[in-house]
1. Summarise the partner chain shielding of B:146-158 as one whole number: the mean count of Cβ atoms from other chains within 10 Å of each residue's Cβ.
2. Stretched out fully, how many nm does the piece from B:ALA19 to B:SER39 gain, at 0.36 nm a residue minus the Cα gap?
3. When a/c reaches 1.5 or more, the comparison of a/b and b/c decides; with that in mind, is chain B rounded, prolate or oblate per its Cα gyration tensor?
4. So, how do all the Cα-to-Cα distances of the protein assembly as shown break down into 20 Å bins, in percent, from 0 on up?
5. Kindly compute the accessible surface that chains A and B hide from a 1.4 Å probe when together, both sides summed, and give it to the nearest 100 Å².
6. Estimate the FRET efficiency between B:ARG100 and A:LYS234 by the formula 1/(1 + (r/R0)^6), using the beta-carbon distance for r and 60 Å for R0, to the nearest 0.05.
7. Got a sec? What order do B:TYR241, B:TYR215 fall in by accessible area at 1.4 Å, biggest, i.e. largest, first?
8. Calculate the dipole size of the range B:63-256 relative to its Cα centre from +1 charges on Lys and Arg beta carbons and -1 charges on Asp and Glu beta carbons; express the result in debye to the nearest 20.
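The values are calculated or read from the model by the stated rules, or taken from the named source; none is laboratory data. Values in this document were obtained by computation on a predicted structure and should not be read as measured data. Cβ: placed from backbone, ideal geometry, glycine included. Neighbour counts: every protein chain shown. Heavy atoms of the whole protein, side chains included, go into the accessibility calculation; ligands, DNA and RNA do not. Shrake-Rupley method; radii C 1.70, N 1.55, O 1.52, S 1.80 Å.
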Amino acid sequence: MTFRSLTLTTVTAAFLALSAAATAPAADAETLKLGFAKCAHCLPMALTPELAKGVEIEAINFNSGNDVLTALVSKSIDMAQVTYLHYITALDKGFDVVAVSGQVNGGSEIVVGKGIALKADDWDGLKKLIAERKEKGEPLRVAASRGNAQDIHMRGALQKHGINVNKDVQFINIPNPSDHAAALQRGEVDVICTVEPFASQIRQTGVGTHFALPYDQAAGNLTNLIVTRSDVIKDHPKAVEATVGSVVALVDKLKSDQTVWVDVINKYTGMDKAVATEALKNASPDYAIHKDSTLAIATMMRELKYISNDVTAAAEKNLDYTFLEAVTKKPKSELGF
Amino acid sequence: MTALSKSWERAVVPLFILAAWEVFSRSGFLPAALLPAPSVVLHTWGDWIFGFDETSQGNTGRWFADALSSATRVAAGYGIAVVSGVLLGIAIGWWRWVERTVEPTIQMLRPVPPVSWIPLAIIWFGIANKPAIFLVFLGAFFPILMNTIHGVKTADRNLIRAASMMGATEQQLLRHVVFPAALPSIFAGLRIGIGAAWMLTVTAEMVAVKSGLGYVLWDSYYFLRYDLVLAAMASIGLLGYATDALIKVLMSAALHWQHGSTLQSREG
């Protein structure tokens, strides 16, 4: 055998061996693309590939939930971690989305600026302050990122205490939650309902103080949801079930050990571990899909004119508990239905 | 070639794109809400402008207010960029000591994307209009500055020599020789700058403003209103085109000595 033919044989053999190794897992398990956003509650989704059994998960990080949802409905990814509000909005626009699992709830907090002397949960004090400011012609400036879970939580909580966001205060929309701290720092707004980890950052840096967790309203503390499309369910039912299985495993892991969660936040955002640890105090890993609160969100969004149609029927119909039931061996009555 | 046939030539490509887009959207290849057909976008845009059936929900009939808000921010940011960019550009191009002291810093700041200035813009200027104007300024400033420097540095040395020999002072040289000689280049910078200024409206209006085309675009994306997103994009494009056309008219008037001697004047 000449040197040339020996080299050729070796290279060909190495190539074939590498190809076989690379394709081996694909032959055993299907691959699903799973998108998730960049927030404290969303980032542990990066751990799902290592928890997956019977499916290859390609976890893809996006900047925002909107980007994740757009990628899902345009069929660039197969499954997505979005918010309950995204789910309702997508149904309103006629998109094919099916909710298959919960993920993490909570993460909303109402904080007040340094100049506002209000004790935690002093709603009467807040109402008095709003009335005083209104009388002076300088309405209290209340901010949130319009259309996200914190916006809905805050509007619901304020409404429950008899405060109308559209009439009693001046609502300021700050679309990017990472801008909340700076706005509060400069005194441009008085009150903000923000999301973790920014809420913890605001408290720990002394920019603002805690006022309330806005969960005492119809939408509860619902935040994140795992959704897919009906064509993905039809074509890859086993892979979807296995992915839901990895989400359930993730939720159980996060409940028992938050160190991995802190580490993943630190890895993806470079955020201080102390802030991340604090942020997770306001997080509830939960794979259940809470039907009643979901429908309440749909109603609230319609009342706020965030959506134009009544999608409560579709919202209920597209909650698919099949995979959760199969993975957890629990009936849907115990899974939020 | 008649004016009618010239107009037809200009319309061919946009009409072809619109027709292909309409056919593709109606083919059902993608969900209709994901890529709304031009007819749907036009309908939504019409409601945004005239407010006839609330298709655009809370934005119905608010287009002129939004366009005015954006145009005001663009005008303010662009205006500051024009004044500072041209003055600093002339100074850097004319005086070596200014070039040595200022240009390295400018060149270092130039590649920094305007969007990355948002946190500092909020810390310095708070929320609403001021940071938005600052971001528009950043987008327009550097093209105007760089083109002005180029225009000054490439001014015909013989003209400067001739004016000097006739006893012109430095101020007279700058005003009557260098500045006019740099004008073609400055106008090129102004045209690039106005495009950049409009491009920055979406980024600028992310910072807690309450109105504007960029604000509507961003807000609509939150609620998956791709028809409004596209209408906002088209609005920004049209206003950008209109302001560029305005600068071209100004350029034509200011550079009257070029009439008949350049390719542009030949094309009309």
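1. 0
2. Values: separation 20, 0.36 × 20 = 7.20 nm, distance 1.00 nm.
Additional length available on full extension: 6.2 nm.
3. On the way: a/c = 2.87, a/b = 1.61, b/c = 1.78.
Taking the square roots of the gyration eigenvalues as a ≥ b ≥ c, chain B is oblate.
4. That works out to 17, 42, 29, 11, 1, in percent per bin.
5. Details: alone 15580 and 15550 Å², together 28650 Å².
It comes to approximately 2500 Å² buried between A and B.
6. 0.30
7. B:TYR241, B:TYR215
8. 420 debye
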